[in-house]
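Engineer: Pasting in a structure now, in structure tokens, and then I'll have a few things to ask.
Quick note: the coordinates plus some simple rules give every number you see, no bench work behind them. A quick note: this is a predicted structure, and the numbers were derived from the prediction, not measured. Positions of Cβ are generated from backbone atoms using ideal geometry, with glycine treated the same way; all protein chains shown enter the neighbour counts.
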Amino acid sequence: MTDSQHIVSSYDRDLEGVQALIIKMGGLVETAILDCAKALELRDEELAERVRKGDKAIDALMEQINEETAFVIARRAPAASDLRVVLSVMKMSNNLERIGDYAKNIAKRAGVLLQMTPIDGASGAVRRMAREVELMLKDALDAYIQRDPELAQVVSNRDKEVDQMYNALFREFLTFMMEDPRNITACMHLHFIAKNIERMGDHVTALAEQVIYVSTGKMPEEDRPKADSTPYEIHGDPMAGKD
Amino acid sequence: MYDNPNLERKVAQQDTKISARNVQVFYGDTHAIKDVNIEIPSRTVTAFIGPSGCGKSTFLRCLNRMNDTIDICRVEGDIDLDGENIYDKRVDPVQLRAKVGMVFQKPNPFPKSIYDNIAYGPRIHGLAKNKADLDEIVEKALRRGAIWNEVKDRLHAPGTGLSGGQQQRLCIARAVATEPEVLLMDEPCSALDPIATSQVEELIDELRDQYSVVIVTHSMQQAARVSQKTAFFHLGNLVEYGDTGQIFTNPQDSRTESYITGRIG
Ligand SMILES: Nc1ncnc2c1ncn2[C@@H]1O[C@H](COP(=O)(O)OP(=O)(O)O)[C@@H](O)[C@H]1O
Ligand SMILES: [Mg+2]
């Protein structure tokens, strides 16, 4: 990314405009991640409702970003780092929109879980996981603003930890369900919630990779270790994976 | 992403057509080209881009020794065409220019008939044995120039009566009539409207399965559209030379970046 300005200054304003929208969208998504987990832990139906309603604003921002990037492409025919900005903005807005959807889904399940007996410690663990993903997103957006591929790489590496948190929760929920079948409904919801947060982490990672692309022109090497081992676990055995 | 072989029509051969080494050009005291090294592949469109006065036209003219016609111009270094030094004393510049044809910014048909515009080169190079032969050469060149259908019924009308876009395609047809191996084009579309520009670009893309085309252009979009290789010149230096996809998505030199993104360098 060159710091110098375009000869046509309205071009700079166009590009800054779409990037500002991404940052704004990122802020809304960060809040949604924290709030849906908080609503779950504090059994706060009002907050859950706010997250569910707030998703519309996130979707609207994505629409606006799509329109404005299309306009920049048509009007400016961007090249080199400008082209990478436009391409990355489109992908990042997609990632953020997906994360917003997951937050909304979690808020819906939080509403359902209100009507059930809480599962010991589960919502606290979920909230820690959400907090971790939100921090990753915050760092990824900072890395974007500063065009810092190293920080983006650090964020991308941290996704392993989210995967591990998900694995641990998955096993825990399995144990609860084995212990008492009355826990099954709640644990199923909690499991989907944990899975949603794990997917959020994947989208944050994809976003961090766009930061690397926009700053270096190259995508990072494609052998990110996946720490999600649950596809290989034998679900009939409560001791599976416990070591 | 620019490694994807499907992205661009495959370049048939990548062997070197023109190889320039340590080329310097001076106009009197002005050092216009500074130690340029480049290998231009055959059957490929190579674009020269860069700000006005950076030496694109000067370097292009080195490739068929057009600079010989400028008194104060001095060229140093080696330029090989198929491994033969074109500045060798034994090379006849007129013969060379039949092999390395040139199309200019402003269409410049001779004040003669369409037919004679094309027949001129083949006649002086003795490429036709008789009238029927010449007719065939003219038709073939006009077809290659993608203008045959528009002029076949008025071959004896003056070339200067055609539209600007038609005149430029006529000039391209004239350049290919001598069976060149390389076509040099210096801003061939700058006097043309968008439709005529598209027609010439389409023609350039067709020409590259027979010729090595080198085009100087002010339009970055044109360079991105028509070329497979792009060379960026700046103040007489060849700053960056690479695959067009790479130059336009991920240039390595900050001067290239500034120029193609329209920034103050
Ligand atoms: N015939 C000439 N006589 C003297 N100087 C020339 C001549 N042609 C070009 N130059 C100088 O050489 C430099 C490169 O010019 P040119 O090759 O025309 O650049 P470009 O085609 O990139 O605009 C410029 O400084 C220009 O003034
Ligand atoms: Mg010029």
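Engineer: What is the gain in length, in nm to one decimal, between A:Asp44 and A:Lys91 on full extension, counting 0.36 nm per residue of separation less the C-alpha to C-alpha distance?
Structural biologist: That pair, A:Asp44 and A:Lys91, stretches by 13.6 nm at full extension.
Engineer: Quick one: Karplus J couplings for the stretch B:249-262, per residue in order, coefficients 6.51, -1.76, 1.60, θ = phi - 60°, nearest Hz, x for Gly and Pro?
Structural biologist: With the stated coefficients, the stretch B:249-262 comes to 10, 8, x, 8, 9, 5, 5, 4, 3, 4, 5, 6, 9, x Hz.
Engineer: At 25 °C and 0.890 mPa s, grab the translational diffusion coefficient of the stretch A:9-229 from Stokes-Einstein with a Kirkwood Rh over Cα pairs, rounded to a whole number in µm² per second.
Structural biologist: Translational diffusion coefficient: 136 µm²/s.
Engineer: To continue, here is another question. Could you name the lysines whose alpha carbon sits less than 22 Å from that of B:Lys229, not counting residues in the same chain fewer than 8 places away?
Structural biologist: Within reach: A:Lys218, B:Lys10, B:Lys17, B:Lys34, B:Lys56, B:Lys99.
Engineer: Sticking with this structure for a sec: Between the DSSP loop rule and a limit of at most 15 other Cβ atoms within 10 Å, which trypsin sites (Lys or Arg not before Pro) in the stretch B:43-101 are left?
Structural biologist: In loop regions of the stretch B:43-101 (DSSP not H, G, I, E or B), the sparsely surrounded trypsin sites (Lys or Arg not before Pro) are B:Lys89, B:Arg90.
Engineer: What residues have an amide H closer than 5 Å to that of B:Ser113, excluding those fewer than 5 places away on the same chain, when H is modeled at 1.01 Å from N in the peptide plane?
Structural biologist: Correct list: B:Gly159.
Engineer: Given the alpha-carbon gyration tensor of the protein assembly as shown, what are the semi-axes of its equivalent ellipsoid in whole angstrom, ordered largest first, with each equal to the square root of 5 times an eigenvalue?
Structural biologist: 65, 22, 21
Engineer: Taking the number of other C-beta atoms within 10 Å as the exposure measure, put B:Cys73, A:Cys36 in order starting with the fewest.
Structural biologist: B:Cys73, A:Cys36
Engineer: Listing B:Asp80, A:Asp159 from the residue with the fewest other Cβ atoms within 10 Å to the one with the most, what is the order?
Structural biologist: On the way: B:Asp80 17, A:Asp159 26.
In increasing order of surrounding Cβ atoms, one gets B:Asp80, A:Asp159.
Engineer: Once amide H atoms are placed 1.01 Å from N in the peptide plane, what residues at a sequence separation of 5 or more from B:Ile215, or on another chain, have their amide H within under 5 Å of its amide H?
Structural biologist: When sequence neighbours closer than 5 places are left aside, the close amide H contacts are B:Thr46, B:Ala47, B:Phe48, B:Met185.
Engineer: Hey, what do the phi angles of the stretch B:163-173 turn into as Karplus ³J(HN,Hα) couplings, whole Hz, using 6.51/-1.76/1.60 and θ = phi - 60°, x for Gly and Pro?
Structural biologist: The phi angles translate into 5, x, x, 5, 4, 5, 5, 4, 5, 5, 4 Hz.
Engineer: Helix B:131-144 sits at what angle to the longest principal axis of chain B, using alpha carbons and giving 0 to 90 degrees rounded to 10?
Structural biologist: Computed tilt is about 40 degrees.
Engineer: Provide A:Asp35, A:Asp101, B:Asp78 in ascending order of the number of other Cβ atoms located within 10 Å of each residue's Cβ, fewest first.
Structural biologist: Sorted ascending by nearby Cβ count, the order is B:Asp78, A:Asp101, A:Asp35.
Engineer: Treating the angle as unsigned and between 0 and 90°, give the value, to the nearest 10°, between the Cα long axis of helix A:149-179 and the longest Cα principal axis of chain A.
Structural biologist: Relative to chain A, helix A:149-179 is tipped by roughly 20 degrees.
Engineer: In addition: How many angstrom lie between the Cα centre of the stretch A:78-128 and the Cα centre of the stretch A:3-44?
Structural biologist: First find each Cα centre; the distance between them is then 14 Å.
Engineer: Once you mark the trypsin sites (Lys or Arg not before Pro) that are in a DSSP loop and have at most 12 other Cβ atoms within 10 Å, what is the longest gap between them in chain A? Don't jump to the answer; show the numbers that get you there.
Structural biologist: Numbers: sites that count: A:Lys218, A:Lys226, A:Lys242.
In chain A, the maximal stretch lacking such sites is A:1-217.
Engineer: Let me ask something additional. Under 5 Å between amide H atoms, partner at least 5 residues away or on a different chain: which partners does B:Glu181 have, H built in plane at 1.01 Å?
Structural biologist: Those lying under 5 Å, H to H, from B:Glu181 are B:Val100, B:Gly101.
Engineer: Would you please report the Å³ per residue occupied by the convex hull of the alpha carbon atoms in the stretch A:151-223?
Structural biologist: 67
Engineer: Also: Quick one: if you stick a label point 7 Å off each Cα along the C-beta vector at A:Ser10 and B:Arg154, how many nm between them?
Structural biologist: Once both label points are built, they end up 4.0 nm from each other.
Engineer: Could you calculate the FRET efficiency of B:Ser163 with B:Gln221 from 1/(1 + (r/R0)^6), where r is the beta carbon distance between them and R0 is 22 Å, rounded to 0.05?
Structural biologist: That pair, B:Ser163 with B:Gln221, gives E of 0.45.
Engineer: May I pose another question? Name the shape class, rounded, prolate or oblate, that the alpha-carbon gyration tensor gives for the stretch B:78-190, where a ≥ b ≥ c are the square roots of its eigenvalues, rounded holds for a/c under 1.5, and otherwise prolate holds if a/b is larger than b/c and oblate otherwise. Please report the intermediate quantities before stating the final value.
Structural biologist: Details: a/c = 2.39, a/b = 1.47, b/c = 1.62.
Taking the square roots of the gyration eigenvalues as a ≥ b ≥ c, the stretch B:78-190 is oblate.
Engineer: Could you grab the Rg to Rh ratio for chain B? Cα atoms only, Kirkwood for Rh.
Structural biologist: Rg divided by Rh gives 0.97.
Engineer: Now for a different question. Suppose the chain between A:Asp180 and A:Gln164 were pulled fully straight at 0.36 nm per residue; how much longer would it get relative to their current alpha carbon spacing?
Structural biologist: Numbers: separation 16, 0.36 × 16 = 5.76 nm, distance 2.47 nm.
My answer for the length gained is 3.3 nm.
Engineer: Given only helices, namely DSSP H runs of n ≥ 4 each adding -39500 (n - 2.57), what is the per-residue ellipticity at 222 nm of chain A, to the nearest 500 deg cm²/dmol? All intermediate terms of the calculation are to be shown ahead of the outcome.
Structural biologist: Details: 6 runs with 189 residues, N = 243.
Estimated from H runs of four or more residues: -28000 deg cm²/dmol.
Engineer: Oh, and also: How tilted is helix B:114-124 with respect to the longest principal axis of chain B? Cα atoms for both, answer in degrees (0 to 90, nearest 10).
Structural biologist: 80
Engineer: Under a crude label model (7 Å from the Cα following the beta-carbon direction), how far is A:Lys24 from B:Asn237 in nanometres?
Structural biologist: Computed distance between label sites A:Lys24 and B:Asn237 equals 4.2 nm.
Engineer: Say each of B:Ile264 and A:Lys138 gets a label point 7 Å from the Cα, pointing the same way as Cα to Cβ; how far apart are those two points in nm?
Structural biologist: 3.7
Engineer: Let me ask something else about it. For chain B, give me the percentage of DSSP beta bridges that are antiparallel, rounded to the nearest 5 percent.
Structural biologist: 60
Engineer: Got a sec to turn the phi values of the stretch B:35-42 into Karplus ³J(HN,Hα) couplings, 6.51 cos²θ - 1.76 cosθ + 1.60 with θ = phi - 60°, whole Hz, x for Gly and Pro?
Structural biologist: Residue by residue, the stretch B:35-42 yields 6, 8, 10, 7, 10, 9, x, 7 Hz.
Engineer: Hey, another quick one. Using r as the Cβ-Cβ distance of B:Val91 and A:Thr216, and R0 as 45 Å, what FRET efficiency do you calculate, to the nearest 0.05?
Structural biologist: Once the sixth-power term is evaluated, E becomes 0.45.
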